[in-house]
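One structure is given below, encoded as structure tokens.
Nothing in this text is a laboratory measurement; each read-out follows from the coordinates by a stated rule. In this text the structure is predicted, and so the values were computed from the model without any measurement. Cβ coordinates were reconstructed from backbone atoms using ideal geometry, including for glycine residues, and neighbour counts include every protein chain displayed.
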Amino acid sequence: MNQDYLNQTERFRRPDAKQVSGAVRLTVFDSVAEPKELDLSGFGKNVITFGREEGNDIQMHSSYVSRKQHGQFRFVGGQWVIEDLGNTNGVVLNGRKVENQRQFHEKDVLLITKSKLVFGGGCAS
């Protein structure tokens, strides 16, 4: 995927968001909606939630994703981590269930039943 294209993706960036260090590109393949690309640092905050309800920073549409907050990305100690918030279907990173939180790396794959999130560009090495 073209790096310049990802840098220009504004669709999922709040216009008033300040840049947070630790740019991480993420492609969301929701089982119901079209794939979308976003940059976690573009949200301008250190905690980014995902789930089905509109109040989440990343709204997913699959019925297997929790309504409220299924999980969250947190920027801690200069690194992004994924945290499972104790929902029924869980979060799986590279084939292993996430217990509490885990750091992720470029090309890692996060699964929430039928939805997939792929990390690329700017992840921890």
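Just a few scattered comments:
- Region 32-58 residues near the modelled residue 101 label - backbone nitrogen below 15 Å, point 7 Å along Cα→Cβ: 45-50
- Each residue of region 44-59 was assigned a 3J(HN,Hα) from its phi angle through the Karplus expression (A = 6.51, B = -1.76, C = 1.60, θ = phi - 60°), giving x, 8, 8, 10, 10, 8, 9, x, 7, 6, 4, x, 7, 5, 10, 8 Hz with x at Gly and Pro.
- All other residues whose Cβ lies under 11 angstrom from that of residue 99 are scored, Lys and Arg at +1 and Asp and Glu at -1, for a net of +1.
- Amide hydrogen neighbours beyond the local backbone of residue 76, cut-off 5 Å, H modeled: 81
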